[in-house]
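The values are calculated or read from the model by the stated rules, or taken from the named source; none is laboratory data. Everything numeric in this text was worked out from a predicted model, so none of it was measured. Cβ sites come from the backbone with ideal geometry, for glycine too, and all protein chains shown count toward neighbours. With ligands, DNA and RNA removed, areas are computed over all heavy atoms of the protein, side chains included. Shrake-Rupley method; radii C 1.70, N 1.55, O 1.52, S 1.80 Å.
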Amino acid sequence: LIYVPQSIAASVYRQIPGSQRADQQYGPGFWTYPCNAKLNIQFKLGGNLFALNAVDFNLGKTGSGSTTCVGGIVGMGDSFPSDLAIVGDEFLKSWYSVYDYSHGARVGLAPSINNH
């Protein structure tokens, strides 16, 4: 999952027509959206854009035969810091993380085969 402040999650889902909060069904901060939505979700890290693969964003349909899916970005409550995001598997499935300890301990990202 990708945990962000609720205001950021709402901003993302506002750009997906037909998306709705799903707090009652799946828990606080979850959203649903039409499975056939055309998604273009990107994260800007270190000045570079990293696209999130739509398949990785989709947690699955809300039920058998449903046309509504659950999104992988979860909005956190008021106590969650406004300048923090916890970027988990929904992002990391789209990007390989590369750790280089030989040059000042740096971290890089490389496209996963899922991005093709």
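The one condition from (1) in contact with a Gly (Cβ under 6 Å, 6 or more places away or on another chain); (2) closer than 25 Å to Ser112 by Cα; (3) modelled with pLDDT of 95 or more that Ile16 does not meet is (1). Restricting Tyr96, Tyr101 to those that are surrounded by 11 or more Cβ atoms within 10 Å (Cβ to Cβ) and either more than 10 Å from the chain's Cα centre (by Cα) or closer than 28 Å to Asp23 by Cβ (or both) reduces the list to Tyr96. For segment 90-100, the tally of residues that are in a strand (DSSP E or B) and among the polar types (S, T, N, Q) stands at 1.
Under the condition of being over 13 Å from the mean Cα position of the chain (by Cα) and open to solvent by 80 Å² or more (accessible area, probe 1.4 Å), the residues counted in segment 52-64 number 2. Taking the criterion of being touching a Ser or Thr at 6+ places or on another chain (Cβ under 7 Å), assigned to a loop (DSSP other than H, G, I, E, B) and at pLDDT below 90, the only residue of segment 43-89 that qualifies is Asn53.
Within the group Thr67, Thr32, which residue is out of contact with any Leu (no Cβ under 8 Å at 6 or more places or on another chain), open to solvent by less than 40 Å² (accessible area, probe 1.4 Å) and among the β-branched types (Val, Ile, Thr)? Just one listed residue meets the conditions, Thr32. Looking only at residues of segment 70-93 that are closer than 21 Å to Arg21 by Cβ and β-branched (Val, Ile, Thr), we find that the one that is most open to solvent (accessible area, probe 1.4 Å) is Ile86.
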